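**Q** Here it is, the structure, as structure tokens.
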């Protein structure tokens, strides 16, 4: 990862911007891909937090806050530009997409599926070499009540399909690890979300 | 309008392009702003979106055009990068005939 590609903005600065809509560096934030990706991640996190609040997160125990902390800790790292992934083109051109953009794509694909929130996400392999095999490793927080094998297969298929369209990576595998379970959504008329 | 601004407008008008990002990382932008503040003249440093640099290419005049973009997601990112590079080469060929062009196109965000 090239540290010079990181714009240096902090997550809490962007969180303030998200809350207030104002920042002395609003122009930078509007034009910086890293900041935009971090804002998208923060929005997903806020949505997840609201969902948890609806499920009475206060009574859910420490495991719930654990995955939230994990997601927040990985957010900063994963939304950096990262490595440069070459794209085929005219020999005189230099075409590429950033690793951060691809990881954000994987996250968006996962988060768009019902019952899934992507936590840690890594591209393992030399993405800077065209055709080199790459494994996509994702940690997933799943909502209780969704069949995990089916969910994993659905996620793998969606990620592979997305990467096939939006990248030229040689995806050797998409490895899904369920690392957290969230309480089910409370049914109307029930006291607790966990009762099925 | 400068060549860089014209290229930015051209790229923003292409199908599938949602945004043209600042070409420089923040640290370099700050450095340029400080440099502009210390140098004579009242013009502040502009936020560069497209960087055009002349290079020596085996005795032939070569222009390197560097740009970072975000895709809307309706055009696959690799195809979008190629179409943007081709559009830049066509534009430079018309505006500055005889120049060799190296288009450095980076997709910095997908589906934004």
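**Q** Please count how many residues of segment A:14-42 are part of a helix (DSSP H, G or I) and at pLDDT 75 or above.
**A** Residues meeting the conditions: 17.
**Q** What is the one condition in (1) touching a helix residue (DSSP H, G or I) at 6+ places or on another chain (Cβ under 6 Å); (2) in a strand (DSSP E or B) that residue A:177 does not satisfy?
**A** Just one mismatch for residue A:177, condition (1).
**Q** Exactly one condition in (1) more than 24 Å from residue B:107 (Cβ to Cβ); (2) out of contact with any strand residue (DSSP E or B) (no Cβ under 6 Å at 6 or more places or on another chain); (3) surrounded by 20 or more Cβ atoms within 10 Å (Cβ to Cβ) is false for residue A:141; which is it?
**A** Going through the list (1) more than 24 Å from residue B:107 (Cβ to Cβ); (2) out of contact with any strand residue (DSSP E or B) (no Cβ under 6 Å at 6 or more places or on another chain); (3) surrounded by 20 or more Cβ atoms within 10 Å (Cβ to Cβ), residue A:141 breaks only (2).
**Q** Of all the strands (runs of 3 or more DSSP E) wholly in segment A:82-148, which have at least 3 residues that are farther than 21 Å from residue B:103 by Cα?
**A** Numbers: elements: A:84-87, A:94-98, A:116-124, A:133-143.
Per the criteria, A:116-124, A:133-143.
**Q** Hey, residue B:63 hits all of (1) within 12 Å of chain A (Cβ to nearest Cβ); (2) at pLDDT 90 or above; (3) surrounded by fewer than 18 Cβ atoms within 10 Å (Cβ to Cβ); (4) touching a helix residue (DSSP H, G or I) at 6+ places or on another chain (Cβ under 7 Å) but one; which does it fall short on?
**A** Here residue B:63 clears every test but (3).
**Q** Then there's this: Inside segment A:85-99, can you point out the residues that are more than 7 Å from chain B (Cβ to nearest Cβ) and under 19 Å from the mean Cα position of the chain (by Cα)?
**A** Those that are more than 7 Å from chain B (Cβ to nearest Cβ) and under 19 Å from the mean Cα position of the chain (by Cα): A:85, A:99.
**Q** Please pick out the residue among B:88, B:69, B:92 that is in contact with a strand residue (DSSP E or B) (Cβ under 8 Å, 6 or more places away or on another chain), within 23 Å of residue A:162 (Cα to Cα) and more than 8 Å from chain A (Cβ to nearest Cβ).
**A** On the way: B:88 fails: within 23 Å of residue A:162 (Cα to Cα); B:92 fails: within 23 Å of residue A:162 (Cα to Cα).
Exactly one of B:88, B:69, B:92 is in contact with a strand residue (DSSP E or B) (Cβ under 8 Å, 6 or more places away or on another chain), within 23 Å of residue A:162 (Cα to Cα) and more than 8 Å from chain A (Cβ to nearest Cβ), namely B:69.
The values are calculated or read from the model by the stated rules, or taken from the named source; none is laboratory data. The structure presented is a predicted model; accordingly, all values stated were derived computationally and were not measured. So basically every Cβ, Gly included, is an ideal-geometry build from the backbone, and we count neighbours across all protein chains shown.
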